[in-house]
Amino acid sequence: MISGAQQQVELAARFTLGCPCTAEYFMEVTSEAQLAEALDSARRAGLPWRLIGGGSNVVPVDYLPGLTLQMKIAGVSREPAAEGRVLLDVGGGESWPELAWSTAAQGLYGLENLVLIPGTAGAAPIQNIGAYGAELGDILQSVRVLDVRTMQVKFLTADKLKLAYRHSLFKEDGGRHFVITRIRVQLEEQADLRLEYADLRERWEKAGAVKHPLEVAKIVRDLRLKKLPDPAKVPNAGSFFKNPLVHDETYQRLLEQDPGLVAFPLQNGQWKLAAGWLIEAVGWKGQLSPTGVGTHDRQALVLVNPGKAPGSEVLHVAGQIRAAVKHRFGICLEQEPGNLS
Ligand SMILES: Cc1cc2nc3c(=O)[nH]c(=O)nc-3n(C[C@H](O)[C@H](O)[C@H](O)COP(=O)(O)OP(=O)(O)OC[C@H]3O[C@@H](n4cnc5c(N)ncnc54)[C@H](O)[C@@H]3O)c2cc1C
């Protein structure tokens, strides 16, 4: 028995993919003390455990043995900061989309390109969330973590987190024992807008080169709503694969083979291939498997699960898509959401 946990809890509604999933024990955690106590109980009972945030970047199995925790630590407070800057200390269970929208509405710069990304603040560093030319790493200062090996609370500064494209220390073996309980982000009262992303710049110019971060946030919102399905209507986990990074040699080979290839040059001489284009090129765009899992008709990179099929079926279809892309282009697509088991 785990004190304070419910037993045999149906969790499908807590995952944006809508996959059926039952937890043997389930508990929301609202403080570090409660988190530590729950982990200690699981350990004493010899039970496995895992933690979720908003469930928007995981593919769950049907049954989760042991204890499943959901991060609900709340609170947003201002910390002392240099002039013109605002330092926010944010509970790991705070809603990321609410935080991003409300800071933009307050006239603070930093999160305006990252609005409407589902999930919690505590999960945002895990894959260094990014969109429209911005990444969390641009404004993240530090994270507060519970080290579950020692049960000590620590601060880790952003430079120690190995933040990269959809990657961080927390995705490596050396970082999986941390639970993020709070994050600190530094926003600016005045700043340059980040408009490198072509679609965003074009819309921004059309909108009269607006300056207020909320106006930029609204353009990003409109762009996102045009392309991405709402998980409440069509279950999905956002981009299902990372955009592959390749050397120039590989890019040139693929370009010769397919002159329509979509790719973006990176500063280090590599190229970021548009995974959505690769998936569309192998005929998967807008296609559904017999069990109803497939890709979105406006963005092939998004796997959709309208029939709320099990996680195993989502992974099966993802495997078929990956095999088709590998066969035609020799490129291995890497899955973005984690498998939750
Ligand atoms: C419609 C849609 C659009 C999306 N768009 C984007 C986008 O533009 N850019 C982008 O980067 N992502 C995007 N995503 C993916 C997703 O929103 C982000 O990865 C988000 O940060 C996941 O947050 P979450 O709270 O839902 O995490 P969950 O899915 O619950 O968890 C993800 C992983 O993080 C771990 N985790 C969660 N919280 C913590 C914590 N506090 N401490 C330690 N580990 C933790 C979990 O164990 C799991 O391994 C999108 C998803 C959807 C459904």
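Read-outs: derived from the displayed coordinates by stated rules, not from any lab. Keep in mind it's a predicted model, so treat the numbers as computed, not measured. Positions of Cβ are backbone-derived with ideal geometry, glycine not excepted, and every protein chain shown enters the neighbour counts.
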Legend entry - Kyte-Doolittle at least 0.0, axis length at least 15 Å by Cα - qualifying DSSP helices, the chain: 311-329
Legend entry - Size-normalised alpha-carbon gyration radius of region 1-123, reference 2.2 N^0.38 Å: 1.23
Inset, instruction - Sort the following peptides by mean Cβ neighbour count (other Cβ atoms within 10 Å, averaged over residues), highest first: 316-325, 255-264. - result: 316-325, 255-264
Inset, instruction - For region 141-238, state which GluC sites (Glu not before Pro) are in a DSSP loop and have at most 15 other beta carbons lying within 10 Å of their beta carbon. - result: Glu172, Glu189, Glu196
Inset, instruction - Would you kindly compute the Cα radius of gyration of the chain and its largest Cα-Cα separation (Dmax), both in Å? - result: 20.5, 62
Legend entry - Loop-located GluC sites (Glu not before Pro) in region 32-121 whose Cβ has at most 15 other Cβ within 10 Å (DSSP): Glu83
Legend entry - Computed FRET value (nearest 0.05) for Ala12 with Gln152, which takes r as the C-beta separation and R₀ as 35 Å: 0.50
Inset, instruction - Run through all the Cα pairs of region 6-71 and give the fraction in each 5 Å bin from 0, expressed as whole percent. - result: 4, 19, 30, 25, 15, 7, 1
Inset, instruction - Using the Karplus curve 6.51 cos²θ - 1.76 cosθ + 1.60 with θ = phi - 60°, work out ³J(HN,Hα) for each residue of region 52-63 in order, rounded to whole Hz, and write x for Gly and Pro. - result: 10, x, x, x, 9, 9, 9, 10, x, 7, 5, 9
Inset, instruction - For each pair in Lys154/Lys272; Lys154/Lys227; Lys171/Lys233, compute the distance between the two Cα atoms and list the pairs where it is over 31 Å. - result: Lys154/Lys272; Lys154/Lys227
Inset, instruction - Using 0.36 nm per residue of separation minus the Cα-Cα distance, give me the extension gain between Glu205 and Asp230 in nm, one decimal. - result: 6.3 nm
Legend entry - Whole-Hz ³J(HN,Hα) from phi, Karplus 6.51 cos²θ - 1.76 cosθ + 1.60, for region 79-84, glycine and proline x: 10, x, 8, 4, 4, x
Legend entry - For Ala191, net neighbour charge (Lys/Arg +1, Asp/Glu -1) across residues whose Cβ lies under 11 Å away: -2
Inset, instruction - Let me know the whole percent of all Cα-Cα pairs from region 236-340 that are separated by more than 22 Å. - result: 29 percent
Inset, instruction - Count charges around Gly66 for me, please; just the other residues with Cβ under 13 Å from its Cβ, Lys/Arg as +1, Asp/Glu as -1. - result: +2
Inset, instruction - Treat the count of other C-beta atoms within 10 Å as a stand-in for reagent exposure and order Trp271, Trp96, Trp204 from fewest to most. - result: Trp204, Trp271, Trp96
